[in-house]
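So the structure is just underneath, and the comments pick up after that.
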């Protein structure tokens with residue numbers, strides 16, 4: 001399960017009197033056909049719409065308001081949890 005970096009650190013912790021360079025561990029793993037387990041797959045949470053369907057930027061990136069309660073800005077994002085994804089929304093008035 002370890003990749004070259006974790007294997008290198010584990011080796012140097014186990015045998016501090018004989019330190020080994022990380023490239024040596026990488027080379028030996030490559031020769032033996034060993035590879036670390038990749039991180040979990042990334043889930044694609046957003047699929048961009050075609051360019052012609054994109055709404056215009058009404059604020060033109062100017063978020064200053066002339067008076068209270070004149071401009072509302074919102075954002076939404078996904079957060080990965082052990083049970084799946086949850087949505088987090090931010091609204092600034």
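Do the sum for the chain: with -39,500 (n - 2.57) for every DSSP H run of n ≥ 4, divided by all residues, what is the mean residue ellipticity at 222 nm, to the nearest 500 deg cm²/dmol?
Numbers: 2 runs with 22 residues, N = 93.
Taking each H run of at least 4 residues, the total per residue is -7000 deg cm²/dmol.
On a full-extension model of 0.36 nm per residue, what is the gain between residue 6 and residue 92, subtracting their alpha-carbon distance, rounded to one decimal in nm? If you can, show how the numbers build up before the last one.
Numbers: separation 86, 0.36 × 86 = 30.96 nm, distance 4.31 nm.
Full-extension gain reported as 26.7 nm.
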When only Cα pairs under 8 Å and 6 or more residues apart are kept, what is the percent relative contact order across the chain? 19 percent
Calculate how large, on average over all directions, the projected area of the Cα convex hull of segment 53-93 is; give the answer in nm² to one decimal. 4.3 nm²
Using Cα atoms only, what is the angle between the long axis of helix 22-32 and the major principal axis of the chain, expressed in degrees (0 to 90) to the nearest 10? 80 degrees
Could you give the nm distance between label points at residue 83 and residue 70, where each point is 7 Å from its Cα heading toward the beta carbon? 4.4 nm
Which entry in [x] 2, 9, 12, 10, 9, 8, 8, 8, 7, 8, 8, 5, 3, 0; [y] 2, 12, 17, 20, 20, 15, 11, 2; [z] 2, 14, 25, 25, 20, 9, 4, 1, 0 is this structure's computed P(r) over Cα pairs in 5 Å bins from 0, in percent? [x]
Potential lengthening between residue 59 and residue 45 on full extension [0.36 nm per residue; Cα-Cα distance subtracted]: 2.5 nm
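Rule-based calculations on the coordinates, nothing more; no lab input. Keep in mind the model is a prediction, meaning the values are calculated, not measured. All Cβ positions, even for glycine, are placed from backbone atoms using ideal geometry, and neighbour counts span all protein chains on display.
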